[in-house]
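Please read the structure below before turning to the comments.
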Amino acid sequence: AAALGRGALPRLKFLDLSYAAIGDAGLVALAPALRRRPALEYLNLWNNPLGDEGIAALISPPTSGLAKLRGLFLNSTQVSDDGCATLASALGKGAMPALEILYLEDAAASAAAKAVLETLTETDYATVIVFSSRADAYSTTLVQATEENKELMESWISSNVLAGGGTDFNAALSKAKE
């Protein structure tokens with residue numbers, strides 16, 4: 001951590017820290033140095049006892065560092081649903097914009113939280129919002145525009161969008177402020 005903190009290995013692209021016994025405190029100490037590796041593309045933290053606090057430190061602040069990170073491997077860690085929510089929020093705010101691979105296999109997080117994060121690493125997202133006398137949305141978040149989701153959205157539109165009635169942006173704005 002000290003060598004990386006002093007600027008060593010600025011062109012480092014792949015860092016394998018698997019099985020290194022890195023816990024939350026270790027990742028909190030290491031995170032600032034990792035965020036200052038502009039070329040880092042793959043970070044392997046498999047089988048370490050790190051959890052939510054360490055992940056929060058790694059991506060905080062969410063807009064700095066790790067811009068080229070393409071793969072983050074968190075298999076067999078103690079990352080829970082809270083850590084997944086922190087990751088999802090940061091990804092939604094533009095953290096790690098190049099991320100393509102996120103592994104959480106055998107992590108402490110539930111399958112639902114893992115599934116949400118896996119969709120955040122895809123390229124296309126969509127949702128449907130109705131601007132009428134009421135504000136309705138197919139989803140309160142963007143969803144991956146897979147063929148299956150597009151069919152589900154089309155079905156939702158058929159059931160929830162009525163022709164006529166005008167457009168009322170005030171209802172949508174009120175809903176957005178909630």
Next on the checklist: Criterion first (small (Gly, Ala, Ser) and touching a strand residue (DSSP E or B) at 6+ places or on another chain (Cβ under 9 Å)) does Gly71 satisfy it?
Outcome noted: yes
Checklist outcome for this item: Here the qualifying pairs (Cβ atoms under 9 Å; residues six or more apart or on different chains; first in segment 69-88 and over 16 Å from Ala20 (Cα atoms) and touching a residue at least 24 places away in the same chain (Cβ under 8 Å); second surrounded by 17 or more Cβ atoms within 10 Å (Cβ to Cβ) and aromatic (Phe, Trp, Tyr)) come out as Gly71/Tyr103
Next on the checklist: Condition first: modelled with pLDDT under 90, within 16 Å of Ala98 (Cα to Cα) and out of contact with any Lys or Arg (no Cβ under 9 Å at 6 or more places or on another chain). Can you find one or more residues in segment 7-29 that meet it?
Outcome noted: no
Checklist entry - Conditions: (1) part of a loop (DSSP other than H, G, I, E, B); (2) open to solvent by less than 40 Å² (accessible area, probe 1.4 Å); (3) over 30 Å from Val143 (Cα atoms). Met96 meets all but one. Number of the miss? => result (3)
Next on the checklist: Looking only at helices (runs of 4 or more DSSP H) that lie completely in segment 1-93, which have at least 2 residues being open to solvent by less than 30 Å² (accessible area, probe 1.4 Å), within 18 Å of Asp106 (Cβ to Cβ) and not β-branched (Val, Ile, Thr)?
Outcome noted: 81-92
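The values are calculated or read from the model by the stated rules, or taken from the named source; none is laboratory data. Computed from a prediction, not measured in an experiment: that's the story for all the values here. Glycine also receives a Cβ, built like all others from the backbone with ideal geometry; neighbour counts cover every protein chain displayed. SASA here: full protein model, heavy atoms, side chains in, ligands and nucleic acids out. Shrake-Rupley method; radii C 1.70, N 1.55, O 1.52, S 1.80 Å.
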